[in-house]
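Step one of this worksheet: look at the structure below.
The values are calculated or read from the model by the stated rules, or taken from the named source; none is laboratory data. On a predicted model such as this, the values are computed, not experimentally measured, just so you know. Here Cβ is always computed from backbone atoms with ideal geometry, including for glycine, and neighbour counts include all displayed protein chains.
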Protein chains: 4
Amino acid sequence: MPVPAPNLYPDFNTIRLSHVCLNVSDLAASRTFYTDMFGLQVTDTSDSHVYLRALEERGHHSVILQKSDQPGTVEVMGFKTYDEADLDKAEVYFKSKGRPTSWVERPYQGRTLLTSDNMGIPLEFYHKMDRLAPIHQEYARYHGVRPLRIDHFNCFSNNVDESVAFYNDFGFRVTEYTEDEESGKLWAAWMHRKGGVHDMAFTNGKGPRMHHLAFWVANPLHIIDLLDVMATTGYVENIERGPGRHGISNAFFLYILDPDGHRIEIYSSDYQTVDPDHEPLKWDLKDPQRQTLWGAPAPRSWFEHGTEFVGAEVKEPALNATPIIAP
Amino acid sequence: MPVPAPNLYPDFNTIRLSHVCLNVSDLAASRTFYTDMFGLQVTDTSDSHVYLRALEERGHHSVILQKSDQPGTVEVMGFKTYDEADLDKAEVYFKSKGRPTSWVERPYQGRTLLTSDNMGIPLEFYHKMDRLAPIHQEYARYHGVRPLRIDHFNCFSNNVDESVAFYNDFGFRVTEYTEDEESGKLWAAWMHRKGGVHDMAFTNGKGPRMHHLAFWVANPLHIIDLLDVMATTGYVENIERGPGRHGISNAFFLYILDPDGHRIEIYSSDYQTVDPDHEPLKWDLKDPQRQTLWGAPAPRSWFEHGTEFVGAEVKEPALNATPIIAP
Amino acid sequence: MPVPAPNLYPDFNTIRLSHVCLNVSDLAASRTFYTDMFGLQVTDTSDSHVYLRALEERGHHSVILQKSDQPGTVEVMGFKTYDEADLDKAEVYFKSKGRPTSWVERPYQGRTLLTSDNMGIPLEFYHKMDRLAPIHQEYARYHGVRPLRIDHFNCFSNNVDESVAFYNDFGFRVTEYTEDEESGKLWAAWMHRKGGVHDMAFTNGKGPRMHHLAFWVANPLHIIDLLDVMATTGYVENIERGPGRHGISNAFFLYILDPDGHRIEIYSSDYQTVDPDHEPLKWDLKDPQRQTLWGAPAPRSWFEHGTEFVGAEVKEPALNATPIIAP
Amino acid sequence: MPVPAPNLYPDFNTIRLSHVCLNVSDLAASRTFYTDMFGLQVTDTSDSHVYLRALEERGHHSVILQKSDQPGTVEVMGFKTYDEADLDKAEVYFKSKGRPTSWVERPYQGRTLLTSDNMGIPLEFYHKMDRLAPIHQEYARYHGVRPLRIDHFNCFSNNVDESVAFYNDFGFRVTEYTEDEESGKLWAAWMHRKGGVHDMAFTNGKGPRMHHLAFWVANPLHIIDLLDVMATTGYVENIERGPGRHGISNAFFLYILDPDGHRIEIYSSDYQTVDPDHEPLKWDLKDPQRQTLWGAPAPRSWFEHGTEFVGAEVKEPALNATPIIAP
């Protein structure tokens, strides 16, 4: 059996995924994409950065757009801990795993620990972030796809078994997974902290790379609205896959690409997984309904394209198993 | 039986309701209400008028806001005929009924016949109106309640039997009606030309007055969106009744009031009534599900408030029957 | 310009498409598909036939399933006329066009004229059909995709220009069309009588064959519901294309195949076209958004598969132009 | 300030609300209401009990209907703990608060601790419940309002300040609350464990009594569907309030009554509250949008009717403040 038993008493308490910093080439174009078109809200802006939050979020930012000469890369993925002491415990923990650690200054965040996972994905942990006044009942702000909150990250890993073991060790619990029946190895896995299907997921492929970043929306119709807007405002080429229903996670989904090729999932539905004895669901790599419950396979780009992490070397996957790909 | 047999071969061919001219006190405030908040599109504007269309309409206007020293009155209701010859036939027809007729100049309209119905409601008929480029696939324009087209008028009549007989005579067909079981008289009736539940409806009350003007929207969720926006942008007092499902017409509805008290219905669903042998549905005035399928009665204002027509004397209703009213 | 001017004063008055008779191999399997899964209502049944209506229809049938040794063929397409006299005028009209005509007995229908169009598509016209009690407010019946009414037919024609000219002549009006820019010929056209985008459409291909039969549903979410049900009740292979938004007609669509290969479109949105001066919209065959506003091309089967009409010889198309097809 | 600081390190770890046992007079009638009409799934049944779960739940039951000679009372409210040891800690904890404790046998549950809160509400805690195979992708089962999971309890308390203090002490965190501005006392409060707006809420009134039990649904349209079904299958009188949007919690809601008068809320939306520093939102008792964002006040029954707990004496509320009530 490929999925490790959950570690219900991890060394430190990670509450949830929190934010991502994306390197972009044209700050104005990216801002237009994420705000005017997509519907995120600007919380601060400078010559080099745009800070964004979704409509129900009270933390200062869930996406940071950073002007960069390495556009199309990901600077760091952020997570929130339960308390300040968890940060110190996290430092000890990651050091014990042989990972680099340092304390970094981040605007609007309290003490922030920078480290990386076993594949080299840059991670940062904090407890405090500036809290902003709620805007979820300022309905005049709702437009685009009406994004309510950041939902999860999904990364290519060149060894999903190893990635899952690493995150499992500090308390991420597997909710669903895909096994390559031939090798008995994991092809993909979905892991959570906050009580939904995932905070972090891994997919077999050249890695580490970010596969996508996801936002939660309340209603499939908002996804249809977004498609209509994208299709008629010059973004039709940015639509990659969907809409559809995933077998895995049961979510109604759409995948789009931002101007630098960062992939965004818009994600509706999810289910509750707070029970510590919630059993993971297993899918077979060759089951076509795994990808899309309704049968349509994903395009090749979806299995191959991703955006690299700053400073993380990309390696070929250990597992050479092929999913069903659209012709 | 109170509903007359339909006149399948009327003297002239009215295609559909077309537009209304509303007298308002503050053109800027009304424009904000109908465009920024509600979602209609401006097609022309002057110091005294704002012309508006809904998102799938190609005719120049379906609502005209007219600055007036009689705000809260209705100037005229407009209808489109099948061809130019129908206008001349209509002139003959209304003259034969003893109604005043005149040919009037209307911007963006071709030859326009001004007349009035048996109760004094000012009506105008035209065949040609300037046609505009379609915008129904310019999805970036969609906001507010996403109004697609004008759907119908509803007027208080002081004698619904007489109003129905008058419109029936020139081809309007009853789809549903409410009978006062005691007197055997009509309390309300819905009449169509274009193949839906109604172009024009009448409700017993002090009349003639406009009860409401309705716009068709594709989805009940747009109505929920509008409520959320109105509730949080200073228009909560303009929400009068709903949301709910009418027993009559089976429509999902909401009633709101514009800044001058003109009532607007937002209307979703409807059904097809093009068959000439489509049987009208009868409802009992005392059936609470007639008003709202789910049981909640309408507030008193809904039965009493309306906006008067310019030049039409308002009379007490002939029928003194009381519907169920919210306490 | 390839689209003829509409004939606003045809020889007889066709109100709308009405019904279709489909030949099937296994009456029980087809009944399960159309009722339990899809949501149509049985109005009568025998050893050889099942009569079905959709939820807002009051006519006795809009689909007839007929047990046949030619399963996967279409017996006839039916249309309703405005009055009885129109049937006699239609007989004269079709005879004048050199088409065969006969009066046939059809259960639940009054006098019925059987004829065929210029390509050999069998058509029948009637004025009277048994009317049934309304069920559109019996909400416990709503399931499957909640089909409200039959919306349109779509047929392959081996010469779309000729098909359009033929139907235009008896009053069908073009609302949208696709032109092959090179030859200046029509590649597809949508034509209506009842005031929506179409009662009948034609697509270039081996013809005549039925491309699909469409039902109108109120909400895109019902289409998502149907996909979820089909995907988990053994019908995943019957899903052919979608969901998506058509550029043409602006409809939210899904295409599925019944057990005998008859294609069904589920169709939501449409717009009002009752104005006699409603201008047709032109699309370029090479515009990818014509097919799907969001960019995804249709699969090859969608351009090639259709079901033949009983007694109509299928011919190669005159026009050899290729649309964009999914790889 | 009336809301106590959250206790982030409670003596034992409650994961979430889990289930309720409702006493009913007619087991068959209640079963029909909760399954055929409402959409819950039966997991077991006997002469005296019906066990039910919602569509995404994997625990054996979230509602138990119990035939009783005290129909219209609530037997017990159940909660799940993080592990077995939490049960023993809970026993110590409730004893230390002077509450009665006992270990009870419950079918399908592991060790179960029965106790009661400071007002006498009977509570039970367990860690293990039989887990059933997932059915959330068996879409043919979805009907009624498509309930996905139990969401929260809401109880009348005769002293909301005291109730909030009691639950706060074992880790429930306040997300929103209503203050009586005059007295500075709490009029209502919403408290969670599982990361949403609430697992348990309290409202000022004769207490303790259950105000309602809530189920989470994915889409406001399912609520509209339920209203249509209830209105046309003999349950129109069971509709009490809604649909509407709460100011508090921002949820789209409907309240209905079961055959014994137990109130059920159907609840859509919610937001994520897992952050330990999530700030509670304060509402003024006199703010009409607190109840319903769109302005319509709740009916009197909503403030007065509730169902009693077995063995708990009902007392008059300490606070005599009046909300806005529909006339």
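Just to be sure before I move on: is B:Asp199 charged (D, E, K, R) and either modelled with pLDDT under 95 or surrounded by fewer than 22 Cβ atoms within 10 Å (Cβ to Cβ) (or both) in the structure I sent?
Considered against the rule, which asks whether it is charged (D, E, K, R) and either modelled with pLDDT under 95 or surrounded by fewer than 22 Cβ atoms within 10 Å (Cβ to Cβ) (or both), B:Asp199 comes out as no.
Only residues that are farther than 30 Å from D:Ala85 by Cα, within 14 Å of chain C (Cβ to nearest Cβ), touching a Phe, Trp or Tyr at 6+ places or on another chain (Cβ under 9 Å) and not β-branched (Val, Ile, Thr): list them for segment D:144-163, please.
Correct list: D:Gly144 only.
Go through segment C:237-277 and count every residue that is farther than 30 Å from B:Asn13 by Cβ, of a type in the set (Asp, Glu) and not in a strand (DSSP E or B).
Of the residues in segment C:237-277, 3 are farther than 30 Å from B:Asn13 by Cβ, of a type in the set (Asp, Glu) and not in a strand (DSSP E or B).
With of a type in the set (Gly, Ala, Ser) and crowded, with 23+ Cβ neighbours inside 10 Å as the only criterion, which of D:Ala133, D:Ala188, D:Ala140 stands out?
D:Ala188
Going by the conditions given, is C:Pro107 at pLDDT 95 or above, in a loop (DSSP other than H, G, I, E, B), surrounded by fewer than 22 Cβ atoms within 10 Å (Cβ to Cβ) and within 14 Å of chain D (Cβ to nearest Cβ)?
no
Would you confirm, using the coordinates I've provided, whether B:Met119 is more than 19 Å from the chain's Cα centre (by Cα) and under 23 Å from B:His152 (Cβ atoms)?
no
Being in contact with an Asp or Glu (Cβ under 7 Å, 6 or more places away or on another chain) and not in a strand (DSSP E or B) is the filter here; which residues of segment B:112-129 pass it?
B:Asn118, B:Gly120, B:His127
Is it the case, given these coordinates, that D:Tyr271 is aromatic (Phe, Trp, Tyr), in contact with an Asp or Glu (Cβ under 9 Å, 6 or more places away or on another chain) and closer than 30 Å to A:Tyr82 by Cα?
yes
Out of A:Ile150, A:Ile64, I need the residue that is of a type in the set (A, V, I, L, M) and not assigned by TED's automatic domain parsing to the domain that holds A:Ser30. Which one?
A:Ile150
Residue pairs, Cβ under 8 Å, 6 or more apart or interchain, first in segment B:270-294 and without any contact (Cβ under 8 Å) to a residue 40 or more places away in the chain and at the interface with another protein chain (Cβ under 9 Å from one of its Cβ atoms), second of a type in the set (Gly, Ala, Ser) and surrounded by 22 or more Cβ atoms within 10 Å (Cβ to Cβ). List them.
Taking only residues 6 or more apart or on different chains, the pairs are B:Asp275/C:Gly59.
Could you tell me which numbered condition B:Gly234 fails, if it satisfies all but one of (1) without any contact (Cβ under 8 Å) to a residue 60 or more places away in the chain; (2) assigned to a strand (DSSP E or B); (3) not β-branched (Val, Ile, Thr)?
(2)
With A:Val3, A:Val20 as the choices, which residue is crowded, with 16+ Cβ neighbours inside 10 Å and under 19 Å from the mean Cα position of the chain (by Cα)?
A:Val20 is the lone residue from the list that is crowded, with 16+ Cβ neighbours inside 10 Å and under 19 Å from the mean Cα position of the chain (by Cα).
What are the residues in segment D:120-150 that are out of contact with any His (no Cβ under 7 Å at 6 or more places or on another chain), under 23 Å from C:Asp36 (Cβ atoms) and among the aliphatic types (A, V, I, L, M), if any?
D:Ile135, D:Ala140, listed by residue number.
Only one of (1) touching a Pro at 6+ places or on another chain (Cβ under 8 Å); (2) farther than 18 Å from B:Thr14 by Cβ fails for B:Asp83. Which number is that?
Only one criterion in (1) touching a Pro at 6+ places or on another chain (Cβ under 8 Å); (2) farther than 18 Å from B:Thr14 by Cβ is unmet by B:Asp83, namely (2).
Take segment B:233-269 and flag every residue that is more than 7 Å from every other protein chain (Cβ to nearest Cβ), of a type in the set (D, E, K, R) and touching a strand residue (DSSP E or B) at 6+ places or on another chain (Cβ under 7 Å).
Matches in segment B:233-269: B:Glu240, B:Arg241, B:Asp258, B:Asp260, B:Arg263, B:Glu265.
Just to be sure, is D:Thr115 more than 14 Å from chain A (Cβ to nearest Cβ), β-branched (Val, Ile, Thr), out of contact with any Cys (no Cβ under 9 Å at 6 or more places or on another chain) and crowded, with 19+ Cβ neighbours inside 10 Å?
yes
Sort through A:Ala140, A:Ala90 and tell me the only one that's in contact (Cβ under 8 Å) with a residue 12 or more places away in the chain and outside any loop (DSSP other than H, G, I, E, B).
Every option except A:Ala90 fails the conditions.
Considering only segment A:166-175, I want to know if a residue exists there that is under 12 Å from the mean Cα position of the chain (by Cα), buried (at least 23 other Cβ atoms within 10 Å of the Cβ) and at pLDDT 95 or above.
no
All but one of (1) at the interface with another protein chain (Cβ under 9 Å from one of its Cβ atoms); (2) closer than 26 Å to D:Phe33 by Cα hold for D:Leu213; state the number of the condition that does not hold.
The one condition D:Leu213 does not meet is (1).
How many of the residues making up segment A:252-270 are small (Gly, Ala, Ser) and surrounded by 24 or more Cβ atoms within 10 Å (Cβ to Cβ)?
Summing the residues that are small (Gly, Ala, Ser) and surrounded by 24 or more Cβ atoms within 10 Å (Cβ to Cβ) in segment A:252-270 gives 1.
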